[in-house]
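> Structure in structure tokens, see below.
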Amino acid sequence: MASSLYDGVMVGSFFIGWKLYRRLGSPADSPKRPRQMMMQFTGAFLVFFFGSTVINIYSTNTFQAFSNDYDQYVQDFAETQSYEVEEGEEKAPTDTVWSFFDKVDTVGTDLYADTLAGLEEVWRLSYMILILIVFKKLFPKRWNSGRRDLFLMLSLFLTSILFGVDHTLDTEQPWSIRIGAIVTFANMGLLFGLILLWTRNLWVTVLVHSLYDITATLSWYYIDYAVEFFALGCLALHIILFTIEKIQQRRLKKEIGTDELLEISN
């Protein structure tokens, strides 16, 4: 029941996000070209990948109980994904077929859940807007003065804490483990929030969240180093797109300079 409700809320979040994402941009902002959008995504994914790597190293060294528990959880879950045949028993052709479809169903369910998880960023933006509205009502003078950066940082911090707490609500672990989980996921949430503010693009943040979760799931259970390979692909693509963008900008500058010289000569 709770899982179905979560799925319904996440699917509905897409339509809420369609209304909210316009609030991040400015009417004066010129629309980005597809290449610029792709560069924004690859850059955002790389920022989260390297940032999350630092967070994981920190959590592993600081919260040993959480790290051990999480490693054991991943190992136990990975073992449940394998189709095992009892000793001395041969796998029948029908068993092979059913094991294949069972594997496809399991992978599909995982990827579906990871895709929906990215829509959590819609609620992050909703919470931030709600908190900013509260600050606007409580501190109207400071708000009207234009000094709102503190409010924005506080809303980012509070929603990051909520992000961390939310990822531990369905666990019944000791507090030594739960504290490590809250800190780890809160730092992850902070990264997503910073990406949201940097890109000012809700859908880029949603996509980064979804694809990181998908590649992490693939890396844990199905394909070794899927996250690292995807990040490496993003890095290569980002470098290529960045190079093309710089070449085009130089070409445009030369064309503008040539046009100006022609106007002066005429």
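> Accessible surface of Thr60 in the full protein assembly, 1.4 angstrom probe, to the nearest 10 Å²?
Surface accessible to solvent at Thr60 totals approximately 60 Å².
> Another question, then. Beyond 27 Å between alpha-carbons counts as too far, so tell me which of Lys19/Lys141; Lys32/Lys141; Lys19/Lys253; Lys19/Lys137 fall in that bin.
Lys19/Lys141; Lys32/Lys141; Lys19/Lys253
> In Å and from the alpha-carbon atoms only, list the Rg and Dmax of region 139-199.
That works out to 14.7, 46 Å for Rg and Dmax.
> Specify whether the C-alpha gyration tensor of region 193-234 places it in the rounded, prolate or oblate class, a ≥ b ≥ c being the square roots of the eigenvalues: rounded for a/c under 1.5, otherwise prolate if a/b is larger than b/c and oblate if not.
prolate
> Here's something else I'd like to know. Which order do the peptides 149-158, 173-182 come out in when sorted by mean C-beta neighbours inside 10 angstrom, highest first?
Packing order, densest peptide first, comes out as 173-182, 149-158.
> Find the relative contact order for region 134-201 and round it to a whole percent, using C-alpha pairs within less than 8 Å whose residues are 6+ positions apart.
Reported as a whole number, the value is 32 percent.
> Related question: Using only the C-alpha atoms of region 132-266, find the volume of their convex hull and express it per residue in Å³.
180 Å³
The values are calculated or read from the model by the stated rules, or taken from the named source; none is laboratory data. Model, not experiment: these values are computed from the prediction. Here Cβ is always computed from backbone atoms with ideal geometry, including for glycine, and neighbour counts include all displayed protein chains. Ligands, DNA and RNA are stripped out before the accessible areas are found, and what is left, the full protein with its side chains, is counted by its heavy atoms. Shrake-Rupley method; radii C 1.70, N 1.55, O 1.52, S 1.80 Å.
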